[in-house]
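Read through the structure below, which is laid out as structure tokens, and then see the notes.
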Amino acid sequence: MENGIVLKVENLSVELEKEKILENLSFEVKEGEVLTILGPNGAGKTVLLKTLLGILPFRGKVEWASGVKLSYVPQRLPFIKDIPMSVQEFFGLKGALRSGIKEILDSIGLEEDILRKKIGDLSSGQFQRILIGWALVSNPSVLLFDEPMTGIDIGGQESVYELLEKLKKERNLTILLVTHDLSVVYELATRCLCLNKKMLCYSVPKELTAERLSQLYGGEIKLYQHSHD
Amino acid sequence: MTDQFLFSLISGIFIGGAAGYLGSLMLTKRMALVGDALGHVALPGMGLALLLGLDVSLGAFVFLLLGIFLIWLLEIKTSLPTEALVGVIFVASLAVGFLIVPELELLEALFGDISKVSFGTAAVSAVLSVAIFLVIGRIYPKMILAGISSDLAKSEGINVKRQNFVYLLLIALMVALGVKIVGSLLVGALVIIPAATARNLSKTLKGYYMGSIIFGVLSCLFGSLLFKFTGLPAGPVIILTSTFFFLVSLILKR
């Protein structure tokens, strides 16, 4: 694969239970990029992430650069609160040693005493941070992030996205991010991919015009683009 | 204390502990009813074994494997939810089992009879329970992760289908051992209740599975002793002991 390219996707199609979910996607991701994947509900965004992770069957080509380590941050984990488990034990499932965990907690801005807390007792903001931290345990080079909780207070001063930006710099991450939040696209993304089964756009955020978005979301969207200096 | 009762106690303690441990994975998989259903699937096998003069656990195990295979096959061939399939096979097996099991032994097959446990049975139960323990220990973190999210588990490179298959085999083995102690109707409870009790009381995973094991052992131990001193049927007494611990845990949880 060419230098600096982490992921190359060619003519990717996914069919689940005889229903076409994704059709003919082609794109590539360079090292250090933040690719946001935009699209309405049912557009196949999560399916795309899972396919890239190798969980779902597909036709076409998905090629990761050799030596790339992937980590997945799922959208929700509805069953996790049913299980009595401390934060430390949750990290332990991934085989994390105490010293490794400490460094990660520093990175995600949590104190060490959270390790003794029960997962079910965490606030949603703390839980979101822990999920991100969990994904960092294996020291990944690429983070695949499904729909971070937007609009929630994750504690401290920073938003999920500020945290991601910090981690990206600290750890030299490439990030693929599914989101509904357009402000992220303008603030964090280096590229975006609009998806509604087919690929409707693949561009730098600046080129993401109101027309494109209304085409993507069916004309129901209002766009507030922040101005950046 | 007679030797025979000692054998009963030993099998009960080992089987109870292993059942509790296994059950702690069942709740997280929301598979609590599978253990129950498989107990019923065991019944025709137990009936055949009784007719042929074989060990009931052996007959049960063969039919459990068949039942698991059938559920798996129907799951692939139809798009019905697993719960519905399990439900159908569960009731059909109970009906067939009822017809096959000789009338004199029906109560024993349904509710268990620890007064027939021999030295051989106790030894085999202990060895197999230890084996079940060791295998659960190996798959435990992976199963917990798969219980949280199978996608997350798969993204970590865990072969979720294989883990589930191993887990089902363990359940089959556990049920086959358990039917001797509490019978096919109650064996599901032997697996589920200790874990439910431990879950009420624990904040950590370790506390949860250790608690499940301990409540499994204590239920069989105290249940058997109650049977010894009151003469009431052992199977139901063991399950009621287990239920008692569960009720206490509900009160303590508040």
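Identification of strands (runs of 3 or more DSSP E) wholly contained in the range A:154-214 with 3 or more residues that are aromatic (Phe, Trp, Tyr) yields no element.
Report yes if B:GLY87 is over 30 Å from A:LEU143 (Cα atoms), without any contact (Cβ under 8 Å) to a residue 24 or more places away in the chain, more than 14 Å from every other protein chain (Cβ to nearest Cβ) and loosely packed, with under 15 Cβ neighbours inside 10 Å, otherwise no. Against the criterion (over 30 Å from A:LEU143 (Cα atoms), without any contact (Cβ under 8 Å) to a residue 24 or more places away in the chain, more than 14 Å from every other protein chain (Cβ to nearest Cβ) and loosely packed, with under 15 Cβ neighbours inside 10 Å), B:GLY87 does not qualify.
Residues in the range A:66-124 that are out of contact with any helix residue (DSSP H, G or I) (no Cβ under 7 Å at 6 or more places or on another chain) and of a type in the set (A, V, I, L, M, F, W, C): A:VAL68, A:ALA96, A:LEU97. Say whether the condition of being within 25 Å of A:TRP134 (Cα to Cα) and crowded, with 17+ Cβ neighbours inside 10 Å is met by at least one residue in the range A:8-17. No, because not a single residue in the range A:8-17 is within 25 Å of A:TRP134 (Cα to Cα) and crowded, with 17+ Cβ neighbours inside 10 Å. A residue that is closer than 30 Å to B:PHE5 by Cα and either out of contact with any helix residue (DSSP H, G or I) (no Cβ under 8 Å at 6 or more places or on another chain) or within 14 Å of chain A (Cβ to nearest Cβ) (or both) occurs nowhere in the range B:56-66.
Yes or no, residue by residue, for (1) of a type in the set (A, V, I, L, M); (2) farther than 17 Å from B:VAL130 by Cα; (3) under 9 Å from the mean Cα position of the chain (by Cα); (4) within 9 Å of chain A (Cβ to nearest Cβ):
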| site | (1), (2), (3), (4) |
| --- | --- |
| B:ALA153 | yes, yes, no, no |
| B:GLU156 | no, yes, no, yes |
| B:PHE165 | no, yes, no, no |
| B:VAL175 | yes, no, yes, no |
| B:VAL182 | yes, yes, no, no |
| B:LEU201 | yes, yes, no, yes |
| B:THR204 | no, yes, no, yes |
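In the range A:45-55, the residue that is modelled with the lowest pLDDT out of those that are closer than 16 Å to A:GLU19 by Cβ and either at the interface with chain B (Cβ under 9 Å from one of its Cβ atoms) or in contact with an Asp or Glu (Cβ under 7 Å, 6 or more places away or on another chain) (or both) is A:THR46.
The set of residues in the range A:88-111 being within 20 Å of B:SER155 (Cβ to Cβ) and either surrounded by fewer than 19 Cβ atoms within 10 Å (Cβ to Cβ) or within 14 Å of another protein chain (Cβ to nearest Cβ) (or both) consists of A:GLU89, A:PHE90, A:PHE91, A:GLY92, A:LEU93, A:LYS94, A:GLY95, A:ALA96, A:GLY100.
The values are calculated or read from the model by the stated rules, or taken from the named source; none is laboratory data. Source: prediction; values computed, not measured. When we count neighbours, we look across all protein chains shown, and the Cβ atoms used for this are built from the backbone with ideal geometry, even at glycine.
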